[in-house]
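Step one of this worksheet: look at the structure below.
The values are calculated or read from the model by the stated rules, or taken from the named source; none is laboratory data. This is a predicted model, so every value here is computed, not measured. Note that each Cβ is placed from the backbone with ideal geometry, even for glycine, and that neighbours are counted across all protein chains shown. Ligands, DNA and RNA are stripped out before the accessible areas are found, and what is left, the full protein with its side chains, is counted by its heavy atoms. Shrake-Rupley method; radii C 1.70, N 1.55, O 1.52, S 1.80 Å.
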Amino acid sequence: MILSAAMLSLTVPVFAAGKHEGGHGDDDKTEMAIGMPADADKASRTVEVSMLETDDGEMLFEPQKLTFSEGETVRFVITNNGEQEHEFVLDTAEANQEHKELMARFPEMEHDDPNAVRLQSGEEDEIVWTFANEGEFEFACLIPGHYEAGMHGPLVVN
C-alpha cells in the first residue's frame, strides 16, 4: 500500500504539468460532436472573435452568440483584446464543463487541441472548423474563473 501511494504521488505532478492533447482522437481530422478541423481554403466565411474584460470585471466574447449551418466551414480569427490570458474552446456544453473541472484541478495545463486556442493579451490565432452536425453547442474560456465571469456563449448549428 505504501509503495502504491508513493507511485501515485510521483505520477500526479506529471499530469499536472503535462499537456492536454489528442483528447479528441489521434488524427487532427477526427470528428467531434461539434464537427472537425478543416483546411483554410475550404472556409466559406471568416468570423472575427474578440476576447476581453470590462471595467466591472466581466469577461466576454464578441460576438456573444454564434450561428452556423450544418456542413459549413468557418475560419475563426480569434484576438485577445483583453489584459489577461484567455482561451476559445468549441465543444458541447457537457464536454466544456468536464474540461473546466479538469482545468480547475490543473490550471497550468497546456493544450494542443484543434478546437481550442489559448492567447496572451494582444495575440491572435485562428481555428478553421467544419460544423458537421446540427445542434446546440458552446464556445467558452475554461481558464479558472473566466467561465463564471461570463466568458461563454451559445453556438447553434442549423
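The packing ranking, built from the mean of other Cβ atoms within 10 Å per residue, places the peptides 127-137, 42-52 in the order 127-137, 42-52, highest first. Fully extending the segment from Thr92 to Asn133, taken as 0.36 nm per residue of separation minus the present Cα-Cα distance, adds 13.6 nm. Would you please give the residues with an amide H less than 5 Å from that of Phe68, counting only those at least 5 places away or on a separate chain, with H modeled from the backbone geometry? It is Val156, Val157, Asn158, by chain and number. Computed extension length for Thr54-Asp41: 1.2 nm, one decimal, from 0.36 nm per residue of separation with the Cα-Cα distance subtracted. Karplus-based coupling profile of the range 134-150, in residue order and whole Hz: 6, x, 10, 10, 8, 10, 7, 9, 9, 5, x, x, 6, 4, 5, 7, x, with θ = phi - 60° in 6.51 cos²θ - 1.76 cosθ + 1.60 and x standing for Gly or Pro. Here the dipole of the range 41-158 is about 320 debye; that uses its Cα centre as origin and unit charges on the Cβ of Lys and Arg (positive) and Asp and Glu (negative). Ligands, DNA and RNA left out, the 1.4 Å accessible surface of the range 25-138 is 39% carbon and sulfur atoms. Using only alpha-carbon positions in the range 26-158, the gyration tensor eigenvalues give semi-axes of 22, 16, 14 Å once each is multiplied by 5 and square-rooted (largest first). Karplus-based coupling profile of the range 112-123, in residue order and whole Hz: 8, 10, x, 9, 8, 9, 10, 10, 6, 3, x, 7, with θ = phi - 60° in 6.51 cos²θ - 1.76 cosθ + 1.60 and x standing for Gly or Pro.
For the pair Glu108 and Gln84, the difference between a 0.36 nm per residue extended length and the Cα-Cα distance amounts to 7.2 nm. Solvent exposure of the range 33-158, expressed per residue, is 48 Å² of accessible area, with all protein chains present and a 1.4 angstrom probe. 3J(HN,Hα) along the range 35-44: x, 7, x, 9, 8, 4, 6, 8, 5, 8 Hz, from the Karplus curve 6.51 cos²θ - 1.76 cosθ + 1.60 with θ = phi - 60°, whole Hz, x for Gly and Pro.
Proximity of backbone amide H atoms, modeled 1.01 Å from N, is registered between Gly150 and Met59 at under 5 Å, excluding neighbours fewer than 5 places apart on the same chain.
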